[in-house]
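The values are calculated or read from the model by the stated rules, or taken from the named source; none is laboratory data. These numbers come from a predicted model, not from an experiment. All Cβ positions, even for glycine, are placed from backbone atoms using ideal geometry, and neighbour counts span all protein chains on display.
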Amino acid sequence: MNPVLAYLLPRTGSWVSGMEVSKELGISRAAVWKHIHKLRALGCTIETSPRHGYRLTAGGDILAPETIDIRTKILGTCIVFSESVTSTNEVATKMARSAKDGTLVLSLIQTAGMGRLQRSWSSPPGGIWMSLILKPEIPPVLSPRIGMMAAVAVASALRRAGFHAKIKWPNDILIGDRKVCGILIELGAQMDRLEYAVVGIGINANVNDEALLEEWGATSLGKELGRTVDRSEIISCVLEELELRYLGLGAEFQEIHREWEAFSATLGQEVMVIGWSGNGDLAGKAESLDQDGALIVGTSQGLVRVLAGDCRHLRPLNRSGCRSTAARPGSEI
């Protein structure tokens, strides 16, 4: 954690002189100023005064381990925090075998964030870029459950926060017809044993409009709400919702499956699955989701089971989450 932020946090709302920070941290006043400038760029609201020094403003968009209320028993009880990493999934994967179950890797910025299908994922300041290391006691054949569980947990957490979040197969989170969150699952497994699962979650929380990738139809929580959201509280809710389902990943999976279907923005939609089996694209109606997370698509040739691919909705959802009746022909998300 940034040493200046660590010093200012317990003194939020109070003025602290640059000389005091310099002396307590054993760094020059010029170094203190460089840290202040960097923290502002990362979203912290810090006032300056020639007479009084620095003041961290209460209610600003601050994200640090100390600001997250951990209300779980497993997930997030160990946090690895950075200001910037290439990818939280990359960091988590490297440490996964020796890490504690539920370890949270969190960063303010990702310089090389990755999404599904090896796509880059824009990860500027203001977002929630995190990966969880899980060690579920399930065989590798049941690993698709992890992605379903994560999608349901994030959607549930955002609904708790007042957003009408829906799941786009396989595990993107939408608000209306725009993507607000992506989830990437990476596994470490032997023949008959799942060693670990890294659950990467990227949420556009308070990302600036200019940083959103318009071609992906992206939005942010702050944009939808019309004000800055508390990223620390969103993380706390995600951890709670995820742990609740993590504990029931084996015996109680039917409930997770039911929730996924209830939250789905895909089921009932006319869809196009790009590159679904190496045989080209598949068009049809998304009928259901099986226990392995496969999308069952109804086509003119019958039902087709789709395990992977880029799913596009051919009829977009309106802002309330319902299919639009005024969509132009061929429109998709």
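Give segment 92-115 a look and list any residue that's over 17 Å from Leu75 (Cα atoms) and not polar (S, T, N, Q), or say none. Write out each step before concluding.
Going residue by residue through segment 92-115, those that are over 17 Å from Leu75 (Cα atoms) are 94, 108-115.
Lys94, Leu108, Ile109, Ala112, Gly113, Met114, Gly115, listed by residue number.
Taking Arg245, is it within 22 Å of Leu142 (Cα to Cα), assigned to a helix (DSSP H, G or I) and not polar (S, T, N, Q)?
Working: within 22 Å of Leu142 (Cα to Cα): yes; assigned to a helix (DSSP H, G or I): yes; not polar (S, T, N, Q): yes.
So Arg245 fits the description; yes.
Being β-branched (Val, Ile, Thr) and crowded, with 19+ Cβ neighbours inside 10 Å is the filter here; which residues of segment 92-113 pass it?
From segment 92-113, those β-branched (Val, Ile, Thr) are 93, 103, 105, 109, 111; that's our starting set.
The answer is Thr93, Thr103, Val105.
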### Query
Filter segment 299-329 for residues that are in contact with a Gly (Cβ under 6 Å, 6 or more places away or on another chain) and surrounded by fewer than 15 Cβ atoms within 10 Å (Cβ to Cβ); which is modelled with the highest pLDDT?
Thr299
### Residue in segment 196-208 that is at pLDDT 95 or above, surrounded by fewer than 23 Cβ atoms within 10 Å (Cβ to Cβ) and either polar (S, T, N, Q) or outside any loop (DSSP other than H, G, I, E, B) (or both) present
yes
### Summary
Among (1) touching a Ser or Thr at 6+ places or on another chain (Cβ under 8 Å); (2) in the same structural domain as Val152 (by TED's automatic domain parsing); (3) modelled with pLDDT under 90, Ser232 falls short only on (3)
### Residues within segment 168-186 that are over 19 Å from Ala211 (Cβ atoms), hydrophobic (A, V, I, L, M, F, W, C) and touching a Leu at 6+ places or on another chain (Cβ under 9 Å), tallied
1
#### Entry: Failed condition for Gly222, given (1) in contact with a strand residue (DSSP E or B) (Cβ under 9 Å, 6 or more places away or on another chain); (2) surrounded by fewer than 22 Cβ atoms within 10 Å (Cβ to Cβ); (3) closer than 29 Å to Thr111 by Cα
(1)
### Query
Which residues, taken from segment 248-266, are touching a residue at least 60 places away in the same chain (Cβ under 8 Å) and not small (Gly, Ala, Ser)?
Leu249, Phe253, Ile256, His257, Glu259, Trp260, Phe263, Thr266
### Task
Would you check if Arg119 is on the phi < 0 side of the Ramachandran plot, surrounded by fewer than 19 Cβ atoms within 10 Å (Cβ to Cβ), among the basic types (Lys, Arg) and at pLDDT 95 or above?
no
### Query
Has segment 290-303 got at least one residue that is without any contact (Cβ under 8 Å) to a residue 12 or more places away in the chain, farther than 16 Å from Asn171 by Cβ and touching a Ser or Thr at 6+ places or on another chain (Cβ under 7 Å)?
yes
